[in-house]
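Here the structure comes first, spelled out in structure tokens, and everything after it is commentary.
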Amino acid sequence: ACTGIENIDEAITLLEQNNWDLVAAINGVIPQENGILQSEYGVETLHGPAYGPSSHSAAASSAPSSSSAFRHVVPSRQIVERQPRMLDFRVEYRDRNVDVVLEDSSSVGDIKHILENELQIPASKMLLKGWKTGDVDDSTVLKSLHLPKNNSLYVLTPDLPPPSSSHSGALQESLNQNFMLIVTHREVQREYNLNFSGSSTIQEVKRNVYDLTSIPVRHQLWEGWPPSATDDSMTLAVSGLTFPCHRLTVGRRSSPVQTREQSEEQCTDVHMVSDSDGDDFEDATEFGVDDGEMFGVASSALRKSPMMPENAENEGDALLQFTAEFSSRYGDCHPVYFIGSLEAAFQEAFYGKARDRKLLAIYLHHDESVLTNVFCSQMLCAESIVSYLSQNFITWAWDMTKEANRARFLTMCTRHFGSVVAQTIRTQKTDQFPLFLIIMGKRSSNEVLNVIQGNTTVDELMMRLMAAMEIFSAQQQEDIKDEDEREARENVKREQDEAYRISLEADRAKREAQEREMAEQFRLEQIRKEQEEEREAIRLSLEQSLPPEPKEESTESVSKLRIRTPSGEFFERRFLASSKLQVVFDFVASRGYPWEEYKLLGTFPRRDVTQLDPNKSLLEVKLYPQETLFLEAKE
């Protein structure tokens with residue numbers, strides 16, 4: 001597999017010369033400048049034993065002749081392989097952006113080849129611009145340009161006319177329309193009503209008619225195609241067909257040397273295959289399929305619609321067609337294919353909770369492989385396989401028949417699994433398909449556990465799936481344990497954070513309550529002070545407005561009033577008997593007992609003096625010549 005040596009005797013001789021050291025033997029064959037082996041887990045430094053000229057000459061005399069050439073291993077020389085360097089390109093063309101991932105050993109022409117499939121523009125018409133080192137040609141190796149990891153380029157097509165916006169809109173509308181083709185089979189006088197989208201090609205129509213009429217495309221004789229439909233690769237939208245319905249007639253092209261009996265046989269034999277197909281079925285019995293079954297299944301499968309459209313922009317739509325076509329060929333008992341992109345399949349399989357994760361199985365289909373129909377019908381559609389895959393795997397599929405789809409998958413494979421896996425798939429021959437890749441997601445990468453080729457049995461396929469599940473289960477248990485411990489730590493941290501948050505809230509609430517209480521006390525104190533100041537001002541004003549106290553020896557009538565406060569204290573003052581009662585009220589207020597808050601009571605008889613007319617004199621209210629009064633707070 002590594003060296004391409006298929007002669008067993010030569011291989012054994014090389015191993016004997018290197019003391020049965022496999023690495024040294026391989027190093028002796030692979031050119032030194034190409035590097036040495038790369039292990040499954042990364043680059044290894046390999047030390048090979050001496051393999052000198054003398055041993056080589058001895059080997060040459062004893063080994064049988066072979067066309068393989070190999071080189072000597074330099075004694076005690078340490079050789080380290082260089083890891084392939086991947087370069088990312090974002091290529092802009094008009095209103096589209098295309099992402100391309102390639103090794104630095106690729107050439108500029110490889111980029112154009114990928115863009116030719118993506119943009120549907122001939123590589124010869126492209127001018128790839130944006131290189132830091134100036135213009136380059138198609139043979140330039142990317143490694144020689146010393147490019148960074150990420151690069152931006154743009155495509156110019158000076159030889160192609162710019163698209164008209166109105167024309168592009170009308171073309172896009174035509175591509176989205178559905179055409180009804182009424183096809184009449186001339187020999188049997190039967191009509192078929194076929195629906196095709198505007199993006200379908202004339203070639204696809206002819207292949208579908210082949211499925212219905214058993215007339216190979218090369219033998220079909222058509223009537224009714226518009227004069228503009230000159231190329232089978234032309235889409236129906238631009239072929240000039242009448243929308244929404246167009247009539248066509250198809251018959252079998254007659255051969256000059258064909259007899260009437262041969263013509264009848266070709267019209268009725270639905271299992272007829274071309275001469276080029278015969279070689280594909282010569283060895284069918286090696287896989288347990290007799291001639292009748294092979295010609296009854298494989299030949300009909302070759303006449304089916306493609307499993308996947310070429311250059312499909314949406315992977316989900318491509319997988320929908322794949323699933324429908326797979327069901328029509330092999331029945332409804334088949335694995336449940338994940339509908340969506342490969343990245344979405346990764347998310348579904350690997351990035352949920354550890355208990356919900358599954359292995360990812362990638363089925364790579366190839367219609368041109370002689371093993372495909374046997375593998376699909378007898379292995380992949382077996383009930384035990386279908387049940388086991390449904391329970392333990394996310395199954396994703398891709399069709400490698402078309403070159404554009406093959407290149408697209410290899411690009412995805414390089415991006416997600418690395419160049420080693422992509423190179424392994426790239427070197428698979430057509431007859432080794434279909435392939436079944438078993439992928440396990442790890443913390444930082446995706447590991448390919450197994451690559452199962454089509455030449456297997458149901459039991460062997462089941463055993464390899466179960467072996468992959470054992471590896472996955474062990475890893476899953478570790479992941480579950482780590483996840484549980486991580487969740488426990490996060491729960492403790494969340495509880496601590498919540499307790500700390502509640503404590504902070506309580507402290508903040510307490511502090512805010514204290515601040516509000518202090519603010520309220522301050523406000524009340526301010527109000528109290530203002531009221532006291534106001535009362536003091538009123539008291540002083542009243543005190544200043546009081547008439548002077550008359551003397552005892554005054555010749556005028558004098559009334560002597562003795563007033564008791566609520567605290568039991570007494571104060572006295574003399575007033576003129578002619579003074580108004582309001583003067584007494586002002587005097588009491590000047591001592592801090594305003595008449596709005598206190599009432600002045602007489603003793604005998606008990607009466608509320610504050611209820612009397614304040615404009616009357618003391619003599620009139622009988623507070624003369626002397627009287628004892630009591631102050632009492634109003635309710």
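The values are calculated or read from the model by the stated rules, or taken from the named source; none is laboratory data. Computed from a predicted structure; not experimentally measured. So basically every Cβ, Gly included, is an ideal-geometry build from the backbone, and we count neighbours across all protein chains shown. These accessible areas exclude ligands, DNA and RNA; they are computed on the full protein's heavy atoms, side chains included. Shrake-Rupley method; radii C 1.70, N 1.55, O 1.52, S 1.80 Å.
Within segment 397-413, does at least one residue satisfy the condition of being surrounded by fewer than 22 Cβ atoms within 10 Å (Cβ to Cβ), aromatic (Phe, Trp, Tyr) and over 27 Å from Ser473 (Cβ atoms)?
Yes, segment 397-413 has at least one match.
Out of the residues in segment 82-108 meeting the condition of being of a type in the set (Lys, Arg) and touching an Asp or Glu at 6+ places or on another chain (Cβ under 7 Å), tell me which one is modelled with the lowest pLDDT.
Arg85
With the requirement that a residue be open to solvent by less than 70 Å² (accessible area, probe 1.4 Å) and among the charged types (D, E, K, R), what does segment 231-246 give you?
Listed by number, the list holds a single entry, Asp232.
I need a count of the residues in segment 124-172 that are under 18 Å from Arg96 (Cβ atoms), modelled with pLDDT under 85 and either surrounded by 15 or more Cβ atoms within 10 Å (Cβ to Cβ) or basic (Lys, Arg) (or both).
Going through segment 124-172 one residue at a time, the tally reaches 4.
Considering only residues that are more than 19 Å from Leu127 (Cβ to Cβ) and over 23 Å from the mean Cα position of the chain (by Cα), look in segment 84-105 and name the one that is least open to solvent (accessible area, probe 1.4 Å).
Restricting to residues being more than 19 Å from Leu127 (Cβ to Cβ) and over 23 Å from the mean Cα position of the chain (by Cα), the top hit is Asp104.
Give the residues of segment 221-233 that are touching a helix residue (DSSP H, G or I) at 6+ places or on another chain (Cβ under 9 Å), closer than 23 Å to His185 by Cβ and assigned to a loop (DSSP other than H, G, I, E, B), sorted by residue number.
Scanning segment 221-233 gives Trp225, Ala229, Asp232.
So is Lys551 surrounded by 10 or more Cβ atoms within 10 Å (Cβ to Cβ), touching a Ser or Thr at 6+ places or on another chain (Cβ under 9 Å) and under 25 Å from Pro625 (Cβ atoms) or not?
The answer is no for Lys551.
Restricting attention to segment 581-592, does a residue exist that is open to solvent by 50 Å² or more (accessible area, probe 1.4 Å) and touching a Pro at 6+ places or on another chain (Cβ under 8 Å)?
Within segment 581-592 (the criterion being open to solvent by 50 Å² or more (accessible area, probe 1.4 Å) and touching a Pro at 6+ places or on another chain (Cβ under 8 Å)), the answer is yes, since at least one residue qualifies.
Can you name the residue in segment 99-144 that is assigned to a helix (DSSP H, G or I) and small (Gly, Ala, Ser) and, of all such residues, is farthest from Leu87 (Cα to Cα)?
Here the answer is Ser124.
Name the one entry in Glu478, Glu447 that is out of contact with any strand residue (DSSP E or B) (no Cβ under 9 Å at 6 or more places or on another chain), surrounded by 10 or more Cβ atoms within 10 Å (Cβ to Cβ), assigned by the TED database to the domain that holds Arg355 and without any contact (Cβ under 8 Å) to a residue 60 or more places away in the chain.
Glu478
Is it the case that segment 193-202 has a residue that's assigned to a helix (DSSP H, G or I) and under 43 Å from the mean Cα position of the chain (by Cα)?
Scanning segment 193-202 turns up at least one residue that is assigned to a helix (DSSP H, G or I) and under 43 Å from the mean Cα position of the chain (by Cα).
Six or more apart or on different chains, Cβ atoms under 6 Å: show the pairs whose first residue is in segment 104-130 and in contact (Cβ under 8 Å) with a residue 24 or more places away in the chain and at positive phi and whose second is open to solvent by less than 20 Å² (accessible area, probe 1.4 Å) and among the aliphatic types (A, V, I, L, M).
Correct list of pairs: Gly130/Leu153.
Within 28 Å of the chain's Cα centre (by Cα) and assigned to a helix (DSSP H, G or I): which single residue out of Met379, Met462, Met412 fits that description?
Sole residue among the options that is within 28 Å of the chain's Cα centre (by Cα) and assigned to a helix (DSSP H, G or I): Met412.
Tally the residues that are open to solvent by 40 Å² or more (accessible area, probe 1.4 Å), touching a residue at least 40 places away in the same chain (Cβ under 8 Å) and under 24 Å from Asn405 (Cβ atoms), restricting the search to segment 344-363.
Of the residues in segment 344-363, 1 are open to solvent by 40 Å² or more (accessible area, probe 1.4 Å), touching a residue at least 40 places away in the same chain (Cβ under 8 Å) and under 24 Å from Asn405 (Cβ atoms).
Going by the structure shown, is Gly331 surrounded by fewer than 20 Cβ atoms within 10 Å (Cβ to Cβ) and either at pLDDT below 85 or in contact with a strand residue (DSSP E or B) (Cβ under 9 Å, 6 or more places away or on another chain) (or both)?
no
What are the residues in segment 234-256 that are touching an Asp or Glu at 6+ places or on another chain (Cβ under 9 Å) and more than 19 Å from Thr184 (Cβ to Cβ), if any?
Within segment 234-256, just Ala237 meets the criteria.
So that you can scan it fast, the table gives a plain yes or no per residue for (1) touching a Gly at 6+ places or on another chain (Cβ under 9 Å); (2) among the basic types (Lys, Arg):
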| site | (1), (2) |
| --- | --- |
| Glu447 | yes, no |
| Arg486 | no, yes |
| Arg489 | no, yes |
| Asp507 | no, no |
| Glu515 | no, no |
| Arg523 | no, yes |
| Arg528 | no, yes |
